[in-house]
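The values are calculated or read from the model by the stated rules, or taken from the named source; none is laboratory data. These numbers come from a predicted model, not from an experiment. When we count neighbours, we look across all protein chains shown, and the Cβ atoms used for this are built from the backbone with ideal geometry, even at glycine. Protein only, heavy atoms only, side chains kept; ligands, DNA and RNA dropped before computing areas. Shrake-Rupley method; radii C 1.70, N 1.55, O 1.52, S 1.80 Å.
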Amino acid sequence: MYPETRLRRLRKTKGMRDLVCETRLSPENLVLPVFFDENLDRPRATESMPDVPTWALKDYEEIAGGIEGSGVSSVLVFGIPKRKDAAGSQAYAENGVVQKAVRGLKDSSDLLVIADLCMCEYTDHGHCGILCRDGRVDNDGTVELYGRIAVSQARAGADIISPSGMMDGQIAAIRAALDDAGFEDTPIMAYSAKYQSAYYGPFRDIANSAPDKGDRAGYQMAPSNRREALREIAADIEEGADIVMVKPAGPYLDIVREAADTFPYPLCAYQVSGEYAMIKAAAANGWIDENRVMEESLLGIKRAGADMIVTYYAEKMARRLRE
Ligand SMILES: [Zn+2]
């Protein structure tokens, strides 16, 4: 009790505060999403995602060099194909955009390369899988294709396969396909609790992947649900996930905390495009201090229990940590 207890004692100096610091960010736990577009000859900027270029399929050494130079050692790779069709066939093409990008990055760097596995960038209708006649996503047909995509990504050299489509049974299907093809040592990072979020808007500007009809409420989680997230994570672990993920991060820190407390598995959280864009926009207006808000937003995610964070701020944050 005051006056014997004075919590301010330990806040007196920077050295004192550093000594009792409970949560620290480090570059090794930050994962940078990178986009490659087969249609490009040179990098393209996206207005809603400042400082997040979409790359052409070349200049791998330069791209990887910049990332490694910041201290970031892991990337999550997304691809935008030249040709989209109803079956999303470019997603599992041996020479598809992600397969090429993964190969290029692995050949020219020491980066740990995680391949995002979904179909929404590859289907002409923009959904995360193939469709039934009635327009709904065909879950079981889709997970079979996911297995094929996973094998093609592992063949290209991906270190981790990261399925984000929220189909039931996708982890089991991918694990089986990888094992059958001799990739039993390739881990799966599952987007386990992926919410149907309005925060994904700027990502869709980059990937041109908004569904043309309907939305993703039929397979992604409703923002209102907490217990269901725990069931999703438990199911993915049961099916063989090595790392589980909560996405988005900032508005779902309660889920991150509960997942961290419940499951003894590496936990990833994805600070999504909308979270990033909001900080960028407010900072551009001079309303907030970008560096400090970036750091605080990421600290919050780590403090909630995430072991690793996927963030568009990975490079900038890593550089700040190194200073
Ligand atoms: Zn998708």
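Quick one: is Asp85 within 12 Å of Ala158 (Cα to Cα) and surrounded by fewer than 17 Cβ atoms within 10 Å (Cβ to Cβ)? Outline the logic, then answer.
On the way: within 12 Å of Ala158 (Cα to Cα): no; surrounded by fewer than 17 Cβ atoms within 10 Å (Cβ to Cβ): yes.
When the stated conditions are applied, Asp85 does not pass them.
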* **Residues located in region 259-317, provided they are within 16 Å of Arg24 (Cβ to Cβ), charged (D, E, K, R) and part of a loop (DSSP other than H, G, I, E, B)** => Asp307
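Listed here are the residues, each with its yes/no results for (1) surrounded by 16 or more Cβ atoms within 10 Å (Cβ to Cβ); (2) within 15 Å of the chain's Cα centre (by Cα); (3) more than 28 Å from Tyr276 (Cβ to Cβ).
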site: Ile171; (1), (2), (3): yes, no, no
site: Ala177; (1), (2), (3): yes, no, yes
site: Thr186; (1), (2), (3): yes, no, yes
site: Tyr191; (1), (2), (3): yes, yes, no
site: Ser197; (1), (2), (3): yes, yes, no
site: Arg204; (1), (2), (3): yes, yes, no
site: Arg216; (1), (2), (3): yes, no, no
* Asked: Residue check, Glu323 against (1) at pLDDT 95 or above; (2) more than 15 Å from Leu32 (Cβ to Cβ); (3) surrounded by fewer than 23 Cβ atoms within 10 Å (Cβ to Cβ); (4) not β-branched (Val, Ile, Thr), all met but one. Which one?
  -> (1)
* **Qualifying residues in region 92-104 (those that are crowded, with 23+ Cβ neighbours inside 10 Å and touching a residue at least 60 places away in the same chain (Cβ under 8 Å)) - the one nearest to the ligand (Cβ to nearest atom)** => Val98
* Asked: Do you know which of the residues in region 125-138 that are in contact (Cβ under 8 Å) with a residue 40 or more places away in the chain and more than 14 Å from the ligand (Cβ to nearest atom) is surrounded by the most Cβ atoms within 10 Å (Cβ to Cβ)?
  -> Arg136
* Boolean, Glu232 is over 15 Å from the mean Cα position of the chain (by Cα), more than 17 Å from Asp116 (Cβ to Cβ), part of a helix (DSSP H, G or I) and within 16 Å of the ligand (Cβ to nearest atom) -> yes
* Asked: Taking only pairs six or more apart or across chains, which ones have beta-carbon atoms under 6 Å, a first residue in region 47-75 that is under 16 Å from Asn208 (Cα atoms), and a second residue that is open to solvent by 40 Å² or more (accessible area, probe 1.4 Å) and in a helix (DSSP H, G or I)?
  -> Ser48/Asp205
* How many of the residues in region 151-193 are in contact with a Phe, Trp or Tyr (Cβ under 8 Å, 6 or more places away or on another chain) and within 16 Å of the ligand (Cβ to nearest atom)? -> 11
* Just to be sure, is Ile237 open to solvent by 20 Å² or more (accessible area, probe 1.4 Å), of a type in the set (A, V, I, L, M) and without any contact (Cβ under 8 Å) to a residue 12 or more places away in the chain? -> no
* **Of all residues in region 150-169 being β-branched (Val, Ile, Thr) and open to solvent by 10 Å² or more (accessible area, probe 1.4 Å), the one that is nearest to the chain's Cα centre (by Cα)** => Ile160
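Is it fair to say Leu112 is surrounded by 12 or more Cβ atoms within 10 Å (Cβ to Cβ) and touching a residue at least 60 places away in the same chain (Cβ under 8 Å)? Step through it out loud before you land on a result.
Numbers: surrounded by 12 or more Cβ atoms within 10 Å (Cβ to Cβ): yes; touching a residue at least 60 places away in the same chain (Cβ under 8 Å): no.
Judged against the criteria, Leu112 is not a match.
This table checks each residue for (1) more than 20 Å from Gly165 (Cα to Cα); (2) acidic (Asp, Glu).
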{"site": "Ala234", "(1), (2)": "no, no"}
{"site": "Ile237", "(1), (2)": "no, no"}
{"site": "Ala269", "(1), (2)": "no, no"}
{"site": "Ala283", "(1), (2)": "yes, no"}
{"site": "Glu296", "(1), (2)": "yes, yes"}
{"site": "Leu299", "(1), (2)": "yes, no"}
{"site": "Asp307", "(1), (2)": "yes, yes"}
{"site": "Thr311", "(1), (2)": "no, no"}
{"site": "Arg322", "(1), (2)": "yes, no"}
